[in-house]
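S.K.: Can you keep this structure in mind? I'll have questions shortly.
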Amino acid sequence: MPELPEVETVVRGLRMLLPGRSIVGVRLGKTDFIDDPASLEEGLPGSRIASVERLGKFIRILLDPQQSAAQKEGRRNLIVHLGMTGRLAVRPAGEPFPPHTHGFFELDDGRELRYTDPRRFGRIVLVPESGIAAFGGRLGDEPLEISAREFQRRLGGRRARIKALLLDQSVLRGVGNIYADESLWRAGIHPARLAAQLSRTDLARLRQAIRYVLRWAIRLGGSSISDFVDAEGNPGEFQIRHRAYHRHGKPCFRCGTTIRQMIVAGRSSHFCPKCQPPPRGKRGGARAAAHAKRAA
């Protein structure tokens with residue numbers, strides 16, 4: 001599933017193409033992943049695209065209404081979640097489109113913003129500007145902007161596995177399995193450790209690692225594990241820089257120890273047993289070892 005760097009990569013591509021353009025027509029295919037499809041088909045034509053932003057793992061396209069309807073409708077937000085296989089790209093209207101393209105947003109310059117999603121695990125919803133604060137309020141802090149003090153407050157002392165907290169979108173928005181594994185490896189923290197076991201120094205190191213990994217991944221256009229491509233159809237390159245994720249059975253880049261795999265928070269987690277020592281204490285260490293053995 002695309003995470004923060006992949007979504008940011010798509011947003012940066014769309015930001016170069018969409019602002020200032022108007023939507024002149026909407027055609028939809030299958031709509032089971034769209035909240036109120038009629039509102040898109042009937043309400044979007046005539047809207048002008050003001051900006052494209054990222055909201056965690058969501059793409060936010062801010063729309064100004066038609067001039068005649070400005071006072072009545074107000075600004076709205078086309079919110080798109082790419083799910084596992086979603087793609088959002090701007091293409092010439094006459095260009096053949098791939099299978100499973102379910103959304104065509106016709107632009108005033110002869111191009112189309114197209115949404116393609118073979119598995120249809122994504123989501124498209126139209127949110128009024130008055131509701132965007134409540135929508136974003138369900139999400140946690142932005143990991144690239146969160147202060148050291150707020151990071152300590154959010155995670156410090158929590159009786160939950162640190163990997164589970166990193167995946168919790170109400171704690172940090174946008175971090176998923178790939179970048180949680182990569183950040184924990186860089187910080188030298190085992191994914192099964194309880195946040196309450198981490199010192200202030202541990203948490204400071206983890207915050208720094210998250211920010212470093214996310215920024216590095218954005219520079220390389222994200223990770224293309226299976227389906228991800230940017231707004232122009234190009235894959236990312238960060239997958240060749242992974243240090244932990246999906247590297248079980250391979251040597252650690254830092255110490256040469258074999259990377260291992262275990263299940264934490266219902267997700268496959270990859271770690272170096274030497275660089276990321278398991279939780280202290282017999283019970284925690286034995287449980288982590290058992291999980292790792294079952295997942296190996």
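S.K.: Convert each backbone phi in the stretch 178-188 into a coupling constant with the Karplus relation 6.51 cos²θ - 1.76 cosθ + 1.60 (shift: θ = phi - 60°), then list the ³J(HN,Hα) values in order as whole Hz, x for Gly and Pro.
M.R.: With the stated coefficients, the stretch 178-188 comes to 4, 7, 5, 4, 5, 5, 5, 4, 5, 7, x Hz.
S.K.: A follow-up question, please. If the stretch 148-295 were replaced by its equivalent ellipsoid, with semi-axes equal to the square roots of 5 times the Cα gyration tensor eigenvalues, what would those be, largest first, whole Å?
M.R.: Numbers: eigenvalues 119, 72, 35 Å².
Equivalent ellipsoid of the stretch 148-295: 24, 19, 13 Å, largest first.
S.K.: Taking H placed 1.01 Å from N in the peptide plane, check which residues at least 5 places from L139 or on another chain put their amide H under 5 Å from its amide H.
M.R.: Here the answer is none, since no amide H 5 or more places off falls under 5 Å of that of L139.
S.K.: Just to confirm the filter: which trypsin sites (Lys or Arg not before Pro) across the stretch 1-63 are DSSP coil and have at most 15 other Cβ within 10 angstrom of their Cβ?
M.R.: Numbers: sites: R12, R15, R21, R27, K30, R48, R54, K57, R60; in loops: R21, K30, K57.
Answer by residue number: K30.
S.K.: Reachable aspartates and glutamates from K30, Cα under 18 Å, same-chain residues fewer than 8 places away excluded?
M.R.: Correct list for K30: E41, E42, E106, E112, D117.
S.K.: Here is a further query. In nanometres, what is the gap between the two model label sites at A196 and E41, each 7 Å from Cα along Cα-to-Cβ?
M.R.: Each label point is offset 7 Å from its Cα along the Cβ direction, giving 5.4 nm.
S.K.: Also, I was wondering about something else. Could you work out the relative contact order of the chain? I mean the mean sequence separation of Cα pairs under 8 Å and 6+ apart, divided by the number of residues, in percent.
M.R.: Values: 609 pairs, mean separation 50.3, N = 296.
With pairs under 8 Å counted, the relative contact order is 17 percent.
S.K.: Calculate the length of the line joining the C-alpha centroid of the stretch 143-186 to that of the stretch 81-129, in whole Å.
M.R.: The stretch 143-186 and the stretch 81-129 have Cα centres spaced 31 Å from each other.
S.K.: So, one more: Whole-Hz ³J(HN,Hα) for each residue in the stretch 211-218, computed from phi via Karplus 6.51 cos²θ - 1.76 cosθ + 1.60 with θ = phi - 60°, x for glycine and proline: what do you get?
M.R.: Along the stretch 211-218, the couplings run 5, 5, 5, 5, 5, 5, 5, 5 Hz.
S.K.: So how compact is the stretch 79-180: Cα radius of gyration and Dmax in angstrom?
M.R.: Considering the stretch 79-180 through its Cα atoms, Rg and Dmax are 18.0, 56 Å.
S.K.: I would also like to ask the following. Taking only the alpha-carbon positions of the chain and ignoring solvent, what does the Debye formula give for the base-10 log of I(q)/I(0) at q = 0.11, 0.13 Å⁻¹?
M.R.: -0.70, -0.91
S.K.: How much length is gained if the chain between E150 and R215 is pulled fully straight, taking 0.36 nm per residue apart and subtracting their Cα-Cα distance, in nm to one decimal?
M.R.: On the way: separation 65, 0.36 × 65 = 23.40 nm, distance 1.96 nm.
Separation in residues times 0.36 nm, less the Cα-Cα distance, equals 21.4 nm.
None of the figures in this text is laboratory data; all of them are computed from the coordinates on show. Treat the numbers as computed from the prediction; the structure is a model and nothing was measured. Note that we place each Cβ from the backbone using ideal geometry, even for glycine, and neighbour counts take in every protein chain shown.
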